[in-house]
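Enquirer: Okay, handing you the structure first.
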Amino acid sequence: MEACQLKNGYETLRGAARPLLVAGATAFPGFSFRWISRTPSTQDLVRAAARAGAPAGHLVAAGEQTAGRGRQGRRWEAPPGGALLASILLRPRASAEGVPLAAGLAVTDAIAHLGVDARLKWPNDVLAGGGKLAGILAEVEPAAPGLGVAVVLGIGVNLRIDAFPEGVAGASLHRLLAPSPPPTPEELLAVLLPALAARLRALEGGGIGALLPDWRARAVGLGGPVVAETPGGRVEGRAVDIDADGALLVETAAGTVRLLAGDAHFIQER
C-alpha cells in the first residue's frame, strides 16, 4: 500500500519528512519523493520511471522490499522498517562508471555526520563497526528521448537490524549509535541527498579522478592481499590501487590485472 506520493517536494506530508523535501529539492531540481510501505523492489519502480522520462531526482523509498536485490542478482533482505531502502534516478553528464564511487563516498559522508566512521570496500560496500552497514547498486537504463542515459542508484542502509543471517558480518546503526536512537529513513535521506549531489558535482567537474583521493583514504584492503571472484574467474594477488576508471588494480604473479566487477575478499595480514 502506498503511503504518500509527492511531486517537487512541497505537498503536505507528515512533519518528519519536511527536512527531506527541502534537502531533496535543493540537491536535485527535479526532485520528487514517493514512499511505499511495501514493494517488490524500489529499483524496478525507478527504472520504470526512467523509461517514462522522469527527471533526475525521482526518489522512491520503501518500508519493506519483498524482492530487493543487490549486485550480481543477490537478494537484499531486511526486516520491515529495519533499513533505509531507496532508489533514486540520476542522469549524469559525466561517466556513469563513476556513480558508484560517488555514491559510496556520499554514504560515508552521511554516516560521518551521525558520528560513525565508515569505510569503503571495493566495489560498493560501506563498512562500519566490523561489518557491512550499507550497500549500493547502480543500474544503467537506456536513454529516454532527449534525456540521455539514466542511472538508477539503489542504496540500502541498516538502521535497526538485531540479527543477520549465519555467515554474514553485518552492522546496524542502532548498535553503532547506542544509546542514541538511529535516524529514521527520512532523517538519513535528508543528510544523504545533499552529500550525494555534492559528490556528483565533483564527478561531473573533474571525473573519477576528483573522487579518488577521498575514496582511497576511506578504502579498506588497498595495499594488502585480495582474492576476487570475477566473471572471468578467480584472481589472487595484492590490491594496489583504484584507477581512473574505478577499476581495482590487482598485482598478480602474471602481472597487474584490472577488475571492473567482482566480489573482492580482502585478507587481513598478520
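The values are calculated or read from the model by the stated rules, or taken from the named source; none is laboratory data. Fair warning: this is a prediction, and the values are worked out from it, not measured in the lab. Every residue, glycine as well, gets a Cβ built from its backbone with ideal geometry; the counts of neighbours run over all protein chains shown. Note: areas computed on protein heavy atoms with side chains; ligands, DNA, RNA excluded. Shrake-Rupley method; radii C 1.70, N 1.55, O 1.52, S 1.80 Å.
Enquirer: Under a 1.4 Å probe, what is the accessible area of the chain per residue, stated in Å²?
Expert: Value returned for the chain: 46 Å² of accessible area per residue.
Enquirer: Then there's this: Tell me what the chain gives for mean residue ellipticity at 222 nm when only DSSP H runs of n ≥ 4 count, each as -39,500 (n - 2.57), the sum divided by the residue total, rounded to 500 deg cm²/dmol. Display every interim value, and only then the final one.
Expert: Details: 6 runs with 68 residues, N = 270.
Mean residue ellipticity at 222 nm (helix-derived): -7500 deg cm²/dmol.
Enquirer: Mind ranking 201-214, 162-175 by how tightly packed they are, going by the mean number of other C-beta atoms within 10 angstrom, highest first?
Expert: Numbers: 201-214: 16.4, 162-175: 13.7.
The most tightly packed comes first, giving 201-214, 162-175.
Enquirer: Here is a further query. Rounded to the nearest 20 debye, what is the charge dipole size of the range 184-259 about its Cα centre when +1 sits on each Lys and Arg Cβ and -1 on each Asp and Glu Cβ? If you can, show how the numbers build up before the last one.
Expert: Values: 7 positive and 10 negative charges, 27 e Å.
Roughly 120 debye for the range 184-259.
Enquirer: At a 10 angstrom cut-off on C-beta neighbours, averaged per residue, how do the peptides 182-194, 215-227 rank from highest to lowest?
Expert: On the way: 182-194: 22.2, 215-227: 16.6.
My ranking of the peptides, most packed first, is 182-194, 215-227.
Enquirer: As I understand it, the value is the acute angle between the Cα axis of helix 18-27 and the longest principal axis of the Cα atoms of the chain; what does it come to in degrees, rounded to 10?
Expert: Once rounded, one gets 60 degrees.
Enquirer: How large is ³J(HN,Hα), in whole Hz, for each residue of the range 209-224 in order, when computed from phi with the Karplus curve 6.51 cos²θ - 1.76 cosθ + 1.60 and θ = phi - 60°, using x for Gly and Pro?
Expert: Running phi through 6.51 cos²θ - 1.76 cosθ + 1.60 with θ = phi - 60° gives x, 6, 9, 4, x, 5, 5, 4, 5, 9, 6, 9, x, 5, x, x Hz.
Enquirer: Another question, then. Give me P(r) over the range 80-193, computed from all C-alpha to C-alpha distances, binned every 10 Å, as integer percentages.
Expert: Percent of pairs per bin, in order: 14, 45, 29, 10, 2, 0.
Enquirer: Taking Cα extents along the principal axes in Å straight from the coordinates, which label in (1) 60, 48, 30; (2) 57, 54, 46; (3) 76, 47, 37 is the correct one?
Expert: (1)
Enquirer: How would you order 255-265, 130-140 from highest to lowest mean count of nearby Cβ atoms within 10 Å? Show your work: numbers first, answer last.
Expert: Values: 255-265: 15.0, 130-140: 20.0.
My ranking of the peptides, most packed first, is 130-140, 255-265.
Enquirer: How much of the accessible area of the chain, probe 1.4 Å, is carbon plus sulfur, in whole percent?
Expert: Numbers: 6610 of 12290 Å².
Carbon and sulfur: 54 percent of the exposed surface of the chain.
Enquirer: Placing one identical point scatterer on every Cα of the range 221-262 and ignoring solvent, what is log10 I(q)/I(0) from the Debye formula at q = 0.15, 0.17, 0.26, 0.29 Å⁻¹?
Expert: Normalising to I(0) and taking log10 leaves -0.28, -0.36, -0.87, -1.07.
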